[in-house]
Amino acid sequence: MTTAVRARNMLTLAEVCDELSVSRSTFYDWRAKRRAPRCIKLPNGDLRIRRSDLDHWLDDREDAA
């Protein structure tokens, strides 16, 4: 898998928060409570979320509703 393809499959925290219509602090609160989608912490401290992990997480929320 090329770097460009991999980058398209990874979302920034800002992109995820925008898509979910939640604030950054809400996302961090969910993460602290282990209710957020799986995250990858980069060496510089930034978070990335795989598109597939976010989609799976959203599917799980739909079934629970």
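General observations
- For the range 19-39, the criterion of being in a loop (DSSP other than H, G, I, E, B), acidic (Asp, Glu), closer than 23 Å to residue 8 by Cα and at pLDDT 95 or above is satisfied by no residue at all.
- Pairs where the first residue, in the range 25-39, is surrounded by 15 or more Cβ atoms within 10 Å (Cβ to Cβ) and the second is of a type in the set (Lys, Arg), C-beta under 8 Å, 6+ apart: 39/31; 39/48
- Cβ-Cβ under 7 Å pairs, at least 6 apart or on other chains, the range 48-60 side assigned to a helix (DSSP H, G or I), far side open to solvent by less than 70 Å² (accessible area, probe 1.4 Å) and at pLDDT 95 or above: 51/11; 53/37; 54/11; 54/16; 54/37; 57/37
The values are calculated or read from the model by the stated rules, or taken from the named source; none is laboratory data. Since the structure is predicted, the reported quantities are computational estimates derived from the model, not experimental observations. So basically every Cβ, Gly included, is an ideal-geometry build from the backbone, and we count neighbours across all protein chains shown. Heavy atoms of the whole protein, side chains included, go into the accessibility calculation; ligands, DNA and RNA do not. Shrake-Rupley method; radii C 1.70, N 1.55, O 1.52, S 1.80 Å.
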